Amino acid sequence: MCGIVGYTGSKKASPIIIEGLRRLEYRGYDSAGIATQEKEGIKIIRSVGKLNNLIEKLSQTTLLGNTGIGHTRWATHGKPSEVNAHPHKAGKFVVVHNGIIENYLSIKNKLVKRGCNFESETDTEVIAHLLWSYYEKSQNTKEAILKTVKELRGSFAIAILNEDEKESIYLVRYESPLVIGVGENENYFASDIPALLVHTNNIIFLKDGDIIKLTPEGYEAFDFNGKKIIRLPEKINLSLSQAEKGGYPHFMLKEIHEQPEAFINTVRTRIKPDTKEVVFDEIPRDIFKKVESIHIIACGTSYHAGLIGRFFLEEIAGLPTLVEIASEFRYKKNFFNSKTLYIFISQSGSTADTLAALKLTKNNKVSTLAICNVLGSSISTEADYTIYTHAGPEIGVASTKAFSTQIAVLFLLSLQFGFYKKAININQLSAFIDSLLKIPKAMEKCLKDSSKIKQLAQKYYHYNNFLYLGRGLNYPLALEGALKLKEISYIHAEAYSAGEMKHGPIALIDENMPVLVINTKSNQHEKTISNIQEVLARNGKVIALISEKDKVTPKYTKDIIEVPQINNYLDCLLSIIPLQLFAYYCAVLKGTDVDQPRNLAKSVTVE
Ligand code: AGP
């Protein structure tokens, strides 16, 4: 996912832009660039690789301009190279872009026929040429933008400089996030708020179809028809530390430790403490009455959250629930039902496959709900209803606190559905809420036990393969634990339903294949003990994740991780913490780039 940043005001723009790009590095990138309005025209500096390469180049030149734009690129069209790095120029226009122009080839062919010379392989460059081709005729930047956006198909957050307008930056937002930071006689913009918080917490979340003219004095907002619209800033009470590492060595560790706070922030506005009622103002009440089944669509960790949510929705609310991977859902035959609620879970709110699945679903006139962590993101604005997790910015590429807040929202939804459907009574509802309110403290306890996890990582990090086993909702938990290990430590880890062992995976077991078994209190505890015995009988090594007071499992292995036991549904919120920490410490011991693992991006905005 690319990052874009910009500034216009009385200060020198380049250091502000570079610092903003630094705060967006988590989005994953392979090249970077900056452009500023200088006396002699717009100057562009670009480089491949990390930001330090760009800074090195900047040290050999002088950028004095007080209006500029910057970009970190995660290649989608055209390999990582300087010529493909943004910003791109055509005529007097310089642009940076986050998103995908799906019809760029047809536009490019048309422009080439008209004699336009393209230097890059990117889709973005067509935007600069389109703007210039329209501006040459109208000499009006706003007109040129209105004509250009009408031709574009896909997702785009664009920042535009025109050499004829030294102190203006034009912004366009369509299905790719863009936020403005309003200062005193200076204004900022970025793809995400961590780049702005050091300057201001007066933030405007642009919406799809917004065009902004940004100047040091202020901003004007238009829609794609050129009609003036109103966009007002809101105070975002995320201090910068929330977007910084806060003393932890990695964002991921900070975010693992933020889970109690993230959980509280997500839950507290949704439970009336006195009456213990669940409150979802974001969804009309009749939805809770009308809906007869649930269909969850997501990717990666969010998909695993959906698989866990299915247990809540089916067993507490009595709602048949399907959970599917977005990239599969969008290409298979689907049977849409007006009595089904389609839930799209996405931390970033900009995952291409999930967004595409949501749009495909919306075309079938059914109700859609997004569970998102990023305000104003594409998926959150596209869905009929949106419930925001309040995990705060999740910077580490490996999703942690977003996962636990997604589980919290799914649990609360199950309680609300269960209560409206009379699947649970007021006493059961109250008991579930009491359990829920015990989770943050229990999470803190799990976080305090991290030294034991560190020791286990020390003992196991050198293995090349791992098996994760679990039954019931411990199976999707095993999937999530395995994903964490593989995506940040690069150790191959596979998760299986423990009952599946005898159907093949048991052939893998030997002294080189450690097995992490999640065996917290459940109605399959004993059966999972037999699976542990099967592994041990074949010289396998077992790490067992169990509930406190379990006296049976420790008879079989000394490598034990204990978590508090609160409620069979909610214990997964405790078990996930040692699984995240185990992956984290293994990765640190292996020296991988924990916050930005190789080949990964924080949000996969491409197919
Ligand atoms: C999770 O650790 C991974 N980084 C990845 O699987 C992620 O969950 C997936 O890409 C979905 O992202 P989203 O929640 O932002 O849609």
Checklist entry - Taking the Cα centre of each part, how many Å lie between the range 175-212 and the range 405-463? => result 34 Å
Next on the checklist: I'd like the Karplus ³J(HN,Hα) series for the range 339-348: coefficients 6.51, -1.76, 1.60, θ = phi - 60°, whole numbers in Hz, and an x wherever there's a Gly or Pro.
Outcome noted: 9, 9, 9, 9, 10, 10, 9, 7, 4, 6
Next on the checklist: Could you tell me which residue out of Asn117, Phe205, Ala402 lies farthest along the dipole of the chain toward its positive end? Charges go on the beta carbon: Lys and Arg +1, Asp and Glu -1, centred on the Cα centre.
Outcome noted: Ala402
Item to check | Square roots of 5 times each gyration tensor eigenvalue, C-alpha, the range 413-502, largest first, Å | outcome: 34, 19, 10
Checklist outcome for this item: Length gained, Glu220-Tyr331, 0.36 nm per residue minus C-alpha separation, equals 35.9 nm
Checklist entry - Just for the chain, what percent of DSSP beta bridges are antiparallel, to the closest 5? => result 60 percent
Next on the checklist: I need the shape label for the range 122-219. Rule: rounded when a/c is under 1.5, else prolate if a/b > b/c, else oblate, with a, b, c from the alpha carbon gyration tensor.
Outcome noted: oblate
Checklist outcome for this item: Per DSSP, the loop-located trypsin sites (Lys or Arg not before Pro) within the range 489-570 having at most 11 other beta carbons within 10 Å are Lys549, Lys551, Lys558
Checklist outcome for this item: So the carbon and sulfur contribution to the accessible area of the chain, 1.4 Å probe, in percent, is 51 percent
Checklist entry - Between the range 30-96 and the range 556-591, what's the alpha-carbon centroid distance in Å? => result 44 Å
Checklist entry - So which of Lys57/Lys92; Lys445/Lys551; Lys421/Lys484; Lys333/Lys359; Lys110/Lys333 end up more than 27 Å apart by C-alpha? => result Lys421/Lys484; Lys110/Lys333
Checklist entry - Over its Cα atoms, what ratio of radius of gyration to 2.2 N^0.38 Å does the chain give? => result 1.01
Checklist outcome for this item: Protection proxy (average C-beta count within 10 Å per residue), highest first, orders 326-333, 570-577 as 570-577, 326-333
Next on the checklist: Counting other C-beta atoms within 10 Å, and keeping those with at most 11, which DSSP coil trypsin sites (Lys or Arg not before Pro) do you find in the range 90-161?
Outcome noted: Arg114
Checklist entry - Given the Cα atoms of the range 328-470, and with Rh set as the inverse mean 1/r over their pairs in the Kirkwood sense, what is Rg to Rh to two decimals? => result 1.04
Item to check | Enclosed volume per residue, in Å³, of the convex hull spanned by Cα atoms of the range 1-135 | outcome: 101 Å³
Checklist outcome for this item: Cβ-Cβ cut-off under 12 Å around Asn474, Lys and Arg +1, Asp and Glu -1: the net charge is +1
Checklist entry - Which value, in Å² and to the nearest 10, is the accessible area of Glu258 when all protein chains are kept and the probe is 1.4 Å? => result 20 Å²
Item to check | Whole-number accessible area per residue in Å² for the range 95-223, which is evaluated in the context of all protein chains at 1.4 Å | outcome: 35 Å²
Item to check | Protection proxy ranking, peptides 170-179, 591-600, average beta carbon neighbours within 10 Å, highest first | outcome: 170-179, 591-600
Checklist outcome for this item: Sparse-neighbourhood loop hits (chymotrypsin sites (Phe, Trp or Tyr not before Pro), the range 336-413; DSSP loop; Cβ within 10 Å at most 16 others) -> Phe336
Checklist entry - What area, in nm² and to one decimal, does the C-alpha convex hull of the range 231-327 cast on average over all directions? => result 10.0 nm²
Checklist entry - Given a 1.4 Å probe, how much area per residue of the range 263-310 is accessible, in Å²? => result 43 Å²
Next on the checklist: Tell me the mean residue ellipticity at 222 nm calculated for the chain from its helices only (DSSP H runs of n ≥ 4, each -39500 (n - 2.57), averaged over every residue, nearest 500).
Outcome noted: -11000 deg cm²/dmol
Checklist entry - Hey, what does the equivalent ellipsoid look like for the range 468-607, semi-axes from the Cα gyration tensor as sqrt of 5 times each eigenvalue, largest first, whole Å? => result 25, 18, 14
Checklist entry - What area, in nm² and to one decimal, does the C-alpha convex hull of the range 311-398 cast on average over all directions? => result 6.3 nm²
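The values are calculated or read from the model by the stated rules, or taken from the named source; none is laboratory data. From a predicted model like this one, the values you see are computed outputs, not experimental measurements. So basically every Cβ, Gly included, is an ideal-geometry build from the backbone, and we count neighbours across all protein chains shown. Only protein heavy atoms, including side chains, enter the accessible area calculation; ligands, DNA and RNA are left aside. Shrake-Rupley method; radii C 1.70, N 1.55, O 1.52, S 1.80 Å.
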